[in-house]
Amino acid sequence: MALLWWEIFIVVFFVLAVLLPAAVIAFKPQWVFFSRGAKKSNAETINLVRTFMTHYSLPLGMDPLHRQLCLAFMDPFVKTVYSLFAILPDPWMVAICRAVDAFPGNTLRYILHAIIGRTHLIDHVVTEGIKRAGLGRCQWVLLGAGYDNRTYRMAPLRQAYQVATFEVDQEPLQQDKLRRLRKCAAVPPSAYEDVKYVTCNFNTERVQDVLLSANYQPGKRTIFLLEGVSMYLTKEGFAQTLAAIKELCPDDCTLTFDYVDERVINAYNGRTDIVDPPTPPLGSPRSVESTTLDEGMSDCEEGAMVVDKKTAASKKEEVASRASTPLTAEERRYGVQYCSVLERNQTPVTFGLDPSRLETQMAEHGYEIVQHWSPDELAQQFLKWPGGKESKHGGEIVSRACTYFYYCTVRPVRGSAV
Ligand SMILES: C[S@@+](CC[C@H](N)C(=O)[O-])C[C@H]1O[C@@H](n2cnc3c(N)ncnc32)[C@H](O)[C@@H]1O
């Protein structure tokens, strides 16, 4: 009899702790990921994804030591859902995450792995940027920092290189972040107290003024990030942010950001000028112009980055021929669902760019592309198991990334200062 009760308990536990959360995440991820209808919940969602990363293997995942940092920012409801998952051994959890993220019925299909890949991409950009600049020669500004824990995870690196670091966001969120940090005994104050916290609304305020008043040194090399933010800005807010960066540091900065393909926003808004491609191979990658560091950039003696104009020019023709690429069926379907989920969450997707015309769109703001990653290129570079014979899945891509997010690093064109 006792054995039967145990069996019933195990079945009930399995259904409640594993099947139910997995089904909810697979079919209605927005119930978990966008639970509050408040602006900050998008930032909390990204934090939840980073918490999952601490269960993935290194180097694809995040060091389990950083889990406490993620938990510090977690909402109690989300923490409960997460805790049910966290009972599972890591390989099970990763397998479930991969399965539900790839599940065709999932409204936000492949978004989990897009965020994971993006986190790795930006970690890579920042680490390389800080090391390349050298001791005491670089500043780092996170625009729309949300509950990102990167500045604390990277405290040893930025402190060793004496990188003045700024986190910019709207006041309520930033105050909440600091309150949560101070409450969390597992995070030492030395990891976050030297960061300068600056409040700004990019749509209505001048970010250059708030940064300067926080002791930002104009003209000094700076790594700017705008991760998971551009889609919530107005067109003017985005333009003002680019203008502010150019004003602060016209000659020696980079801005790394992700953006939504503007064609999915147009499709969501019911624009009729979008036509389905004649033969839309589901999930086929759309390539982007990619003036990459490897192909088009070189470091001069001072360490400043210089665009190889010849390579960039030869790319231009290719780009122009792709300028009118229509959306694939998959891009349209999942992109439109994404816009719809965010609209219902009262954080509508208001801004996007066209990956096939990014070079032109950036040039209009006086910027040039340093590097540009399509969803497929993100997966190729940042969502792979490590190579080598000893690795079971050596070199295999873990997951695709959703098709409507793109990633780029840009910088002001020299001599175009305002
Ligand atoms: C999805 S979260 C991303 C947070 C963080 N960058 C990360 O990757 O974890 C978007 C962030 O952009 C901020 N944001 C949105 N619109 C903004 C605006 N107009 N001005 C300043 N920050 C804004 C939000 O407060 C939020 O923290």
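Which pairs do you get when a residue that is within 13 Å of ASP169 (Cα to Cα), found in segment 207-227, comes within reach of a residue that is hydroxyl-bearing (Ser, Thr, Tyr), reach meaning Cβ atoms under 8 angstrom, with the pair 6+ apart or on two chains?
Partner pairs satisfying both residue conditions: VAL207/THR241; VAL210/THR199; LEU225/THR256; LEU226/THR241; LEU226/THR256; GLU227/THR256.
Only one of LEU112, LEU142 is more than 23 Å from ARG400 (Cα to Cα) and crowded, with 23+ Cβ neighbours inside 10 Å. Can you tell me which?
Values: LEU112 fails: more than 23 Å from ARG400 (Cα to Cα).
From the options LEU112, LEU142, the qualifying one is LEU142.
Please find, within segment 145-163, the residue that is surrounded by the fewest Cβ atoms within 10 Å (Cβ to Cβ) out of those that are touching a Ser or Thr at 6+ places or on another chain (Cβ under 9 Å) and under 18 Å from THR254 (Cα atoms).
For segment 145-163, the residue satisfying everything is THR151.
Taking ALA243, is it within 14 Å of THR350 (Cβ to Cβ) and more than 12 Å from the ligand (Cβ to nearest atom)? Walk me through it before giving the result.
On the way: within 14 Å of THR350 (Cβ to Cβ): no; more than 12 Å from the ligand (Cβ to nearest atom): yes.
So ALA243 fails the test.
Filter segment 60-97 down to the residues that are among the hydroxyl-bearing types (Ser, Thr, Tyr) and surrounded by 15 or more Cβ atoms within 10 Å (Cβ to Cβ) and list them by number. I'd like the intermediate steps shown before the answer.
The first filter runs over segment 60-97 and keeps only residues among the hydroxyl-bearing types (Ser, Thr, Tyr), leaving 80, 82-83.
Passing the criteria: only TYR82.
Somewhere in segment 135-144, is a residue in contact with a Pro (Cβ under 8 Å, 6 or more places away or on another chain) and either more than 22 Å from TYR259 (Cβ to Cβ) or not hydroxyl-bearing (Ser, Thr, Tyr) (or both)? Don't jump to the end; show me each part of the working.
So the first thing to find is which residues in segment 135-144 are in contact with a Pro (Cβ under 8 Å, 6 or more places away or on another chain), and the list is none.
No, segment 135-144 contains no residue that is in contact with a Pro (Cβ under 8 Å, 6 or more places away or on another chain) and either more than 22 Å from TYR259 (Cβ to Cβ) or not hydroxyl-bearing (Ser, Thr, Tyr) (or both).
Could you run through segment 222-240 and say how many residues are near the ligand (Cβ under 8 Å from one of its atoms) and aliphatic (A, V, I, L, M)?
Count: 4.
Name the single residue, out of those in segment 125-169 being within 12 Å of the ligand (Cβ to nearest atom), part of a loop (DSSP other than H, G, I, E, B) and not acidic (Asp, Glu), that is farthest from VAL229 (Cα to Cα).
Filtering first and then ranking leaves ASN149.
Please determine whether any residue of segment 36-45 is at pLDDT below 75 and either among the acidic types (Asp, Glu) or away from the ligand (no atom under 16 Å from the Cβ) (or both).
Checking segment 36-45: not a single residue is at pLDDT below 75 and either among the acidic types (Asp, Glu) or away from the ligand (no atom under 16 Å from the Cβ) (or both).
Going through segment 180-205 one residue at a time, which ones are within 15 Å of the ligand (Cβ to nearest atom) and surrounded by fewer than 20 Cβ atoms within 10 Å (Cβ to Cβ)?
ARG180, TYR197, THR199, ASN201, ASN203, THR204, GLU205
Just checking, how many residues over segment 98-109 are more than 16 Å from the ligand (Cβ to nearest atom) and buried (at least 20 other Cβ atoms within 10 Å of the Cβ)?
Just the residues of segment 98-109 that are more than 16 Å from the ligand (Cβ to nearest atom), to begin with: 98-107, 109.
Of the ones still in play, those that are also buried (at least 20 other Cβ atoms within 10 Å of the Cβ) are 100-101, 106, 109.
The qualifying residues number 4.
Suppose we filter LYS235, LYS246, LYS220 for residues that are surrounded by fewer than 19 Cβ atoms within 10 Å (Cβ to Cβ), more than 23 Å from THR51 (Cα to Cα) and touching a strand residue (DSSP E or B) at 6+ places or on another chain (Cβ under 8 Å); which single one remains?
Values: LYS235 fails: touching a strand residue (DSSP E or B) at 6+ places or on another chain (Cβ under 8 Å); LYS246 fails: surrounded by fewer than 19 Cβ atoms within 10 Å (Cβ to Cβ).
Result: LYS220 is the single residue among LYS235, LYS246, LYS220 that is surrounded by fewer than 19 Cβ atoms within 10 Å (Cβ to Cβ), more than 23 Å from THR51 (Cα to Cα) and touching a strand residue (DSSP E or B) at 6+ places or on another chain (Cβ under 8 Å).
If you check GLU331, GLU247, GLU301, GLU295, which single one turns out to be in a helix (DSSP H, G or I) and modelled with pLDDT under 50? Show your work before the answer.
Working: GLU331 fails: modelled with pLDDT under 50; GLU247 fails: modelled with pLDDT under 50; GLU301 fails: in a helix (DSSP H, G or I).
Every option except GLU295 fails the conditions.
Given the options LEU135, LEU112, LEU60, LEU121, name the one that is among the aliphatic types (A, V, I, L, M) and at pLDDT below 90. Steps first, please.
Working: LEU135 fails: at pLDDT below 90; LEU112 fails: at pLDDT below 90; LEU121 fails: at pLDDT below 90.
Only one candidate passes the filter, namely LEU60.
Going by the conditions given, is GLU368 at pLDDT 95 or above and of a type in the set (D, E, K, R)? Explain how you work it out, then say what you get.
Details: at pLDDT 95 or above: yes; of a type in the set (D, E, K, R): yes.
Answer is yes for this residue.
The values are calculated or read from the model by the stated rules, or taken from the named source; none is laboratory data. Keep in mind that this is a model prediction, so the values were computed, not measured. No Cβ is skipped: glycine too gets one built from the backbone with ideal geometry, and neighbour counts run over all protein chains shown.
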